[in-house]
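> I'd like to ask you about the structure that follows.
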Amino acid sequence: MPGEPDSCAAGGGVPAGAALPGEAGAGSRPRLAEPLVEGTVDGVRVAVPRGATILEAARLCAIEIPTLCHHEGLPPEGSCRLCLSETRGSLAVSCMYPLRESGFAALTRSPAVLEARRYVLSLLVCRAPRAPRIRKLADEYGVSPDPRFMRDPDGCIRCGRCVRACRASGPEAIALCGRGFARLVTGPFGRPPEACVGCLACALACPTGKIAFSERDGVRRIWEREFELAPCPECGKRAFTREQLAFLGGGASALCHSCRRRLMARELGKAAALEAPGGPALLRAL
Amino acid sequence: MPTPLKTIAVSPSRCIGCLNCELACASRDWGTLYPAPSRIGLVFFRDGAKIPLTCFQCDNAPCLSVCRTGALSRDARGVVASDPARCIGCRACSAVCPFGNVAYSQAARAAVKCDQCGGAPRCAAACPSGAIRYVEDQDDVRAKREAFARSLKSAAEAI
Ligand code: SF4
Ligand code: FES
């Protein structure tokens with residue numbers, strides 16, 4: 001099995017709880033066994049398991065809070081600050097703020113929240129002015145980039161979703177390094193990450209589409225590295241990189257899922273035919 | 001590990017190859033009648049034999065054991081279900097399923113596999129000949145399933 005058993009818990013604000021070996025454990029799943037706590041989100045009454053976040057409570061009420069760095073399958077990090085809401089008279093990061101007691105009253109669109117969200121967006125849009133999702137949000141909130149912070153926009157908002165996705169899937173090939181304007185996602189020592197297996201989880205997790213990759217002639221390129229996509233021995237379709245198959249070990253193979261299903265059916269048919277009356281004749285037909 | 005209370009039982013000898021199961025499955029989230037993203041697959045052989053195959057909801061499910069984000073989880077009915085919101089697209093589950101029952105969908109940006117439609121499988125409802133049935137997992141079914149699993153096991157070793 002790839003990764004440490006607790007690889008999801010590392011770096012997350014909320015401990016993963018005791019995941020059984022072999023059963024997946026996500027960082028933020030509220031324990032269903034927890035007692036319910038009651039309160040309101042924008043005045044809507046709701047009950048959630050203790051420890052659930054404001055974001056989860058809001059979603060239960062069908063109240064939308066915009067998010068960027070949050071991913072339901074990854075431990076929360078609270079790095080983009082877009083999901084701010086107001087509770088107990090101050091701003092809270094909705095995707096991380098745990099509701100522990102009854103009587104909570106969160107506001108997701110109060111004047112203070114909207115003002116703070118606009119400010120956060122004016123900074124994010126400096127980092128990724130061309131990303132469709134950021135532009136849409138900026139339009140929606142009527143925000144334009146703050147020129148003081150417009151330095152070499154590279155499309156990355158430093159939310160760390162890629163890093164968390166990589167850590168969760170096992171290789172831990174990339175990390176966020178440096179501070180301030182120098183902060184960026186990179187492999188060790190600023191070089192192409194050696195531990196990368198080319199699975200694309202980082203690129204798919206990125207909310208701005210910053211992580212570029214390409215696939216041509218059976219070669220996938222990402223993070224300035226090249227990965228050969230192993231051809232399915234039956235049909236030649238290329239689904240996995242050799243590195244990812246090696247990383248997964250054991251049962252992983254380059255057979256694509258439809259060929260695997262077909263081979264399984266053929267072997268099944270053979271096994272059944274052996275036991276059936278007139279078996280050998282059936283067997284030849286398969 | 002809980003065993004599913006009800007199970008999708010397949011009788012290849014009754015299959016008439018109409019593909020209704022694949023279409024019913026594929027139409028589920030994409031609203032199309034295009035069988036490629038189907039979670040159930042009909043395999044045809046030259047002699048006319050047809051075998052519908054879908055997830056066996058393995059007790060020690062390899063897909064579940066490699067999923068690190070909780071996108072795959074076993075629900076109260078013992079079924080391994082997938083939650084697209086938690087999927088990060090690493091495709092490890094697809095690479096390790098010995099039976100080819102987990103696909104990665106570009107459209108859904110997530111792994112797709114059979115979750116028995118949450119208790120009312122469309123494939124069984126669409127099957128006109130009783131080749132796919134959704135039945136109580138009682139002892140007689142269980143015995144059949146175990147026999148089936150044994151032949152699968154020898155088949156898996158043969159591959
Ligand atoms: S590359 Fe994308 S996912 Fe990674 S930190 Fe930057 S914006 Fe976030
Ligand atoms: S979504 Fe909550 S801080 Fe980014």
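The values are calculated or read from the model by the stated rules, or taken from the named source; none is laboratory data. The model shown is predicted, which means the values in this text are computed figures rather than measured ones. Backbone-built Cβ (ideal geometry, glycine too); neighbour counts: all protein chains shown. Keep in mind that these areas ignore ligands, DNA and RNA; they rest on the heavy atoms of the full protein, side chains included. Shrake-Rupley method; radii C 1.70, N 1.55, O 1.52, S 1.80 Å.
> Among A:GLY251, A:PRO188, A:ALA239, flag the residue with its Cα farthest along the positive direction of the charge dipole of region A:161-255, charges on Cβ as +1 for Lys/Arg and -1 for Asp/Glu.
So the residue furthest toward the plus end is A:PRO188.
> Which whole-angstrom value gives the distance between the alpha carbon centres of region A:185-222 and region A:56-95?
If we compute the Cα centre of each part, the gap is 27 Å.
> Please report the buried accessible area for the interface of A with B, total over both chains, probe 1.4 Å, in Å² to the nearest 100.
Between A and B, the summed buried area is about 4000 Å².
> Where the accessible area of region A:29-91 is counted over protein heavy atoms with a 1.4 Å probe, how much of it, in %, is carbon and sulfur?
With neighbouring chains kept in place, the figure for region A:29-91 is 50 percent.
> Let me ask another. Dimensions of region B:60-113 along principal axes (Cα, Å, largest first)?
Largest to smallest, the principal-axis extents are 27, 23, 16 Å.
> What per residue convex hull volume, in Å³, comes out for region A:130-244 when only alpha-carbon positions are used? Working shown, then result.
On the way: hull volume 14.3 nm³, N = 115.
Each residue corresponds to 125 Å³ of Cα convex hull volume.
> Here's another thing I want to ask about it. Roughly what would the spin-label model give for A:ARG50 and A:ALA212, points 7 Å off Cα along C-beta, in nm?
5.2
> Once you charge only the Cβ atoms, +1 for Lys and Arg and -1 for Asp and Glu, what is the size of the charge dipole of region A:161-255 about its Cα centre, to the nearest 20 debye?
460
> Another question about this same structure. Using a simple spin-label model with points 7 Å from Cα along the Cα→Cβ vector, what separation in nm is obtained for B:ASP75 and A:ARG109?
3.2
> For peptide A:239-245, compute the average count of partner chain beta-carbon atoms within 10 Å of each residue's beta-carbon. It would help to have the intermediate numbers written out before the result.
Numbers: counts 5, 5, 2, 0, 0, 4, 3.
Mean number of neighbouring Cβ atoms from other chains: 3.
> Hey, with R₀ at 41 Å, roughly what FRET efficiency would A:CYS235 and A:ARG183 work out to, going by the Cβ-Cβ distance, to 0.05?
Working from the Cβ atoms, E equals 0.40.
> At a Förster radius of 56 Å, what calculated FRET efficiency corresponds to the Cβ-Cβ distance of A:THR40 and B:PHE45, to the nearest 0.05?
Once the sixth-power term is evaluated, E becomes 0.40.
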